[in-house]
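Read through the structure below, which is laid out as structure tokens, and then see the notes.
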Amino acid sequence: MRNIGRSAGAASVVLVGLDSESMGMVRETLAAEAVLPNSSVAFGDALAVLDRTTPDVVIVGYTRAVEAALALAEELRRSQPALVMVALADAPDSSAILGAMRAGYKEFVVLPDDAARLRQVVHEAAFRPADDEEKGRVVALTGAKGGVGTTTLAVHLAAELAGIHRVLLMDMDFGMGDVAPMMDISGRDSVADLLPRADRLDERMLTSAVMVHRTKVNVLTTPDDMESIGPVRADDVYNLISVAAKAYQWVIVDCGTYYDEAVAMTLNVADTVVLVTTPDVTSVRDAFRRVRTLNVLGIERERIRLVVNRYHKAAYVSKKDISTNLGLHIAATVADDGRHVEQAVNEGKIIREVNRRCDAARDIANLVAVLTEDPEDIEIPEPEASGGWLSGLFGRR
Ligand SMILES: Nc1ncnc2c1ncn2[C@@H]1O[C@H](COP(=O)(O)OP(=O)(O)OP(=O)(O)O)[C@@H](O)[C@H]1O
Ligand SMILES: [Mg+2]
């Protein structure tokens, strides 16, 4: 998953058991470092608040409630191991410091003496390793137009990768998604169930919401009706993909062809955007428009992989024409293989289960290489100055 800089801002902090004087000192110390809440939380409410907000740092009033502060730390050490806990005391006292450290407090500070250290700890928490954690790769597939095989390729790509990796296939083609019927699965939670809870989503919640296909692909479906999705916030989509990228090595997202807020965010954070077209004039023309839209959305050409599906030797538009007209190297082609693809659809199987050696199965196996190819090795053709012979259809001249 690409880091789009959301986590690099100020640290979020929760304050527990502080009186107004301590609050004032903390506020003064951290004004430039952190997003501070207006009030301090009582010990009794602390776990619930911290569970809901999962901040970077918690600052706990120590001296006047030592037992409650120790009990809270013991609990948090288990439930939120990445949380930075700071004990704020009235005076330094070596046995109190020792007790706090044993319970899991990272720092024991007395203000204003330790102001610089508190600032440092909070500053570092905003850039803590949790943000740089090994994240899975996000691959977004989008079609030049409907029906070019975006879902077929998303499903099969996921199935190929699932042989050796942990893979999540997510259907973001809201209301039109056909991952579930193509994989012959139904039930469980969909994207619509997770998005409203995205701000408190964790890996456990996600992995218990997915369905596991026999290929070992974990699947998060989309509901059939747009209505049950409700308004979608880009932030929620970001959180969902972020959690997915922590839980899985590969997150394959079927984005369909309609660009809404969710798809725009997905494309933004995707490491690779696979643009699927077929070798006919209307698809290539629509692919051309897509490339332009992707450009407007800020998706660099280096991240786009053009895949020509249903390719056959007698295709009306040649590979060279597709490439020069779109100004994109063709990363892969997948053979037009109606017989085996249809049989797979009819029998609720994936293509390699129907015939491991057929043209489509072979090409799909090769598709994986497209994703692992070093972008440095990819030569990007310049769009023809004249616009190529299809350009009259593209409205470029
Ligand atoms: N390589 C192929 N050879 C033959 N038929 C194919 C191939 N790829 C896809 N198809 C067929 O094309 C049809 C459309 O495929 P698919 O549903 O994957 O497309 P899509 O782009 O996701 O469509 P939608 O716009 O409805 O989401 C299906 O009937 C599928 O079986
Ligand atoms: Mg589809």
* Asked: So Asp193 fits all but one of (1) surrounded by fewer than 20 Cβ atoms within 10 Å (Cβ to Cβ); (2) in contact (Cβ under 8 Å) with a residue 24 or more places away in the chain; what number is the exception?
  -> (2)
* In the list Ala365, Ala361, Ala344, Ala332, which residue meets the criterion of being at pLDDT 90 or above and in contact with a Lys or Arg (Cβ under 6 Å, 6 or more places away or on another chain)? -> Ala361
* Asked: Restricting to helices (runs of 4 or more DSSP H) lying wholly in segment 327-372: which have 3 or more residues that are under 23 Å from Val251 (Cβ atoms) and touching a residue at least 40 places away in the same chain (Cβ under 8 Å)?
  -> 359-372
* Asked: How many of the residues making up segment 135-157 are under 18 Å from the mean Cα position of the chain (by Cα) and within 13 Å of ligand 1 (Cβ to nearest atom)?
  -> 5
* Test Leu141 against the criterion of being among the hydrophobic types (A, V, I, L, M, F, W, C), closer than 15 Å to Leu30 by Cβ and touching a residue at least 60 places away in the same chain (Cβ under 8 Å), and give yes or no. => no
* **Hits in segment 165-190 - residues which are touching a residue at least 12 places away in the same chain (Cβ under 8 Å), within 12 Å of ligand 2 (Cβ to nearest atom) and of a type outside the set (A, V, I, L, M)** => Asp171, Asp173, Phe174, Gly175, Gly177, Asp178
* Asked: When both residues are 6+ apart or on different chains and their Cβ atoms are under 7 Å apart, which pairs have a first residue that lies in segment 60-88 and is more than 21 Å from Ser39 (Cα to Cα), and a second that is surrounded by fewer than 22 Cβ atoms within 10 Å (Cβ to Cβ) and of a type in the set (S, T, N, Q)?
  -> Gln80/Thr54
* **Output for segment 214-238, where each listed residue is on the phi > 0 side of the Ramachandran plot and small (Gly, Ala, Ser)** => Gly230
* Selection status of Val217, away from ligand 1 (no atom under 14 Å from the Cβ), closer than 20 Å to Gly256 by Cβ, in the same structural domain as Val243 (by TED's automatic domain parsing) and in contact (Cβ under 8 Å) with a residue 40 or more places away in the chain -> yes
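The values are calculated or read from the model by the stated rules, or taken from the named source; none is laboratory data. Values in this document were obtained by computation on a predicted structure and should not be read as measured data. Cβ: placed from backbone, ideal geometry, glycine included. Neighbour counts: every protein chain shown.
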